[in-house]
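See structure below.
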Amino acid sequence: MKFNNKIAISDSGFIFDPTTGESFSTNPIGLEIIKLIKEGKSLDEILTFILEKYEVTATVLSKILDEFITTLIQLNILIDE
Amino acid sequence: MSREQITVATTGLNNIDNPGPGIPVIRGLRESKSFKVRIVGLAYENLEPGIYMHKLVDKSYQIPYPSAGSEAMLKRLNYINSIERIDVLIPNFDAELYTFIRSSTRLQRMGIKTFLPTLNQLEERSKPFLYEFGKKYDILVPYSRSIFSEKDIYTLTKDFEYPVLVKGKFYDAYVAHSPEQALIYFRRISSKWGLPIIIQQFVQGTEVNVVALGDGKGNTIGAVPMRKLYITDKGKAWSGITIDDEKLLKLTREIIGKTEWRGGMELEIIKSKNKYYLLEINPRLPAWVYLAVGAGQNLPEALIKLALGMDVKPMEKYDIGKLFIRYSYEMITNLEEFEKLTQFGEL
């Protein structure tokens with residue numbers, strides 16, 4: 001799983017794909033997760049980080065994270081290797 | 001730096017919901033760093049908004065429709081030129097290009113320069129011949145066929161699967177999902193634009209467009225790709241954004257290089273599963289050309305330089321993620337202005 005380096009992300013959570021002209025928005029937690037992916041953190045590390053920071057169970061977070069990662073791959077923001 | 005004073009005549013002042021490229025071209029010329037431009041507007045209809053945009057258009061003249069023939073057009077231009085001393089003429093409608101290209105030598109003798117595609121370039125990229133164009137230049141083009149009568153619609157399933165695109169020779173295109181729909185669109189388009197009607201295989205994907213300028217020697221002077229963000233019910237871009245697509249630019253340079261394209265052009269392309277299908281080449285600058293100006297490539301100015309025989313260096317950079325958003329706007333004008341144009345053919 002690699003971050004698509006062409007994608008531009010602003011601090012407000014606005015995401016722009018310059019290749020297609022498409023833009024998306026994410027909330028602060030989504031932005032935080034994307035930043036962690038960009039830093040090269042593994043899924044387990046991200047899971048641990050979020051669990052420590054927010055009130056959420058591991059089961060729920062794991063499901064949400066999976067869905068979020070799938071969406072990012074579908075939108076070409078992440079490249080599935 | 002002092003700017004050279006020139007007079008440019010242009011058509012396409014119909015800045016309406018299906019806009020002609022005249023006003024965006026003029027806006028580019030007004031921002032020229034090399035020229036101080038006097039604009040002479042050439043209008044077919046007396047309610048083309050550009051006629052009344054006096055900050056953009058210095059003087060407007062009505063001209064005869066291309067259907068009146070090139071002699072009528074040249075006679076009128078001769079009169080206008082006797083007053084205005086036109087340096088460069090930029091036609092902006094597909095339907096008038098034949099007249100202006102055929103007349104370019106006579107215009108040159110009048111002192112009016114143009115920078116247009118050759119008749120051969122115009123013909124071979126025309127919708128009825130685009131599929132053959134693709135084969136000749138090794139460019140992916142969806143299969144298409146010209147039809148001349150309603151009964152031909154019922155023979156389409158031999159070569160096509162629905163949906164198909166039903167297109168007019170110059171303008172209009174509709175997606176038909178059945179022979180019944182194709183028949184409706186055949187009648188609608190042919191009653192307006194005549195025959196043939198072009199049937200083109202529909203390719204599912206994302207439409208992307210490129211505005212470009214070729215120097216006639218195979219060089220791309222400028223090219224800016226754009227994706228439409230909002231499309232009107234007439235299929236026209238109401239907003240769009242510049243994109244970073246090197247493959248698309250490579251395809252553009254390939255087309256200009258192989259055809260030695262001369263003048264402005266717009267490529268309409270469908271990107272489908274990482275393949276690029278050429279849907280149309282419009283042989284002139286499009287109505288969204290001002291986006292290219294805003295993104296850093298003043299293509300109308302470069303076109304003028306080419307027409308004047310000046311050396312123009314290719315522009316390779318442009319701002320990515322630059323948007324255009326159209327808007328509608330009411331001008332208030334006096335009846336006297338409308339009267340003057342209607343009665344005397346000039347304003």
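If we keep just the residues of the range B:29-51 that are part of a helix (DSSP H, G or I) and out of contact with any Phe, Trp or Tyr (no Cβ under 8 Å at 6 or more places or on another chain), which is surrounded by the fewest Cβ atoms within 10 Å (Cβ to Cβ)?
Of all residues in the range B:29-51, those part of a helix (DSSP H, G or I) come to B:29-30, B:49-51.
Filter once more, keeping what is out of contact with any Phe, Trp or Tyr (no Cβ under 8 Å at 6 or more places or on another chain): B:30, B:49-51.
Values: B:Arg30: 16, B:Pro49: 21, B:Gly50: 25, B:Ile51: 26.
Within the range B:29-51, the match that is surrounded by the fewest Cβ atoms within 10 Å (Cβ to Cβ) is B:Arg30.
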If A:Asn5 passes every condition in (1) exposed (fewer than 14 other Cβ atoms within 10 Å of the Cβ); (2) not in a loop (DSSP other than H, G, I, E, B) but one, which one does it miss? (2)
Given (1) more than 14 Å from every other protein chain (Cβ to nearest Cβ); (2) within 29 Å of A:Gln74 (Cβ to Cβ); (3) in a helix (DSSP H, G or I), index of the condition B:Glu301 fails: (2)
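Would you be able to tell me the number of residues in the range B:181-226 that are within 14 Å of chain A (Cβ to nearest Cβ) and of a type in the set (Asp, Glu)?
Keep residues of the range B:181-226 that are within 14 Å of chain A (Cβ to nearest Cβ), which gives B:205-210, B:224-226.
Those still in the list that are of a type in the set (Asp, Glu) too: B:207.
Final tally of qualifying residues: 1.
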Please enumerate the residues belonging to the range B:238-277 that are assigned to a strand (DSSP E or B) and either within 14 Å of chain A (Cβ to nearest Cβ) or on the phi > 0 side of the Ramachandran plot (or both). B:Ser239, B:Gly240, B:Ile241, B:Thr242, B:Gly263, B:Ile269, B:Ile270, B:Lys271, B:Ser272, B:Tyr276
Look through the range B:304-324, keep the residues that are assigned to a loop (DSSP other than H, G, I, E, B) and aliphatic (A, V, I, L, M), and return whichever of them is farthest from the other protein chains (Cβ to nearest Cβ). B:Leu308
Filtered residues of the range B:137-195 (kept if over 22 Å from the mean Cα position of the chain (by Cα), more than 19 Å from B:Gly235 (Cα to Cα) and either buried (at least 19 other Cβ atoms within 10 Å of the Cβ) or among the acidic types (Asp, Glu) (or both)): B:Asp138, B:Arg145, B:Ile147, B:Glu150, B:Asp152, B:Ile153, B:Asp159, B:Phe160, B:Glu161, B:Glu180
Check off (1) modelled with pLDDT under 95; (2) in a loop (DSSP other than H, G, I, E, B) for B:Val141 and give me the number that stays unchecked. (1)
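Each row is one residue, and each column tells you yes or no for (1) surrounded by 23 or more Cβ atoms within 10 Å (Cβ to Cβ); (2) within 21 Å of B:Ile39 (Cβ to Cβ); (3) out of contact with any Leu (no Cβ under 7 Å at 6 or more places or on another chain).
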site: B:Leu249; (1), (2), (3): no, no, yes
site: B:Ile269; (1), (2), (3): yes, no, no
site: B:Ser272; (1), (2), (3): no, no, yes
site: B:Asn282; (1), (2), (3): no, no, yes
site: B:Pro286; (1), (2), (3): yes, yes, yes
site: B:Pro300; (1), (2), (3): yes, yes, no
site: B:Tyr329; (1), (2), (3): no, yes, yes
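How many residues are away from every other protein chain (no Cβ under 14 Å) and farther than 15 Å from A:Phe68 by Cβ when one looks only at the range A:1-41? Don't jump to the end; show me each part of the working.
We begin by selecting, within the range A:1-41, every residue away from every other protein chain (no Cβ under 14 Å); these are A:1-3, A:11-13, A:25-41.
With the extra rule that they be farther than 15 Å from A:Phe68 by Cβ, the set shrinks to A:2, A:11-12, A:39-40.
The number of residues fulfilling the criteria is 5.
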Here are some conditions: (1) under 20 Å from B:Lys322 (Cβ atoms); (2) buried (at least 23 other Cβ atoms within 10 Å of the Cβ); (3) of a type outside the set (Asp, Glu); (4) touching a Lys or Arg at 6+ places or on another chain (Cβ under 9 Å). B:Thr206 meets all but one. Which one does it not meet? (2)
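The values are calculated or read from the model by the stated rules, or taken from the named source; none is laboratory data. Predicted model, so just to flag it, every value in this text is computed and none were measured. Because the Cβ atoms are built from the backbone with ideal geometry, glycine has one as well, and the counts that use them run over all protein chains shown.
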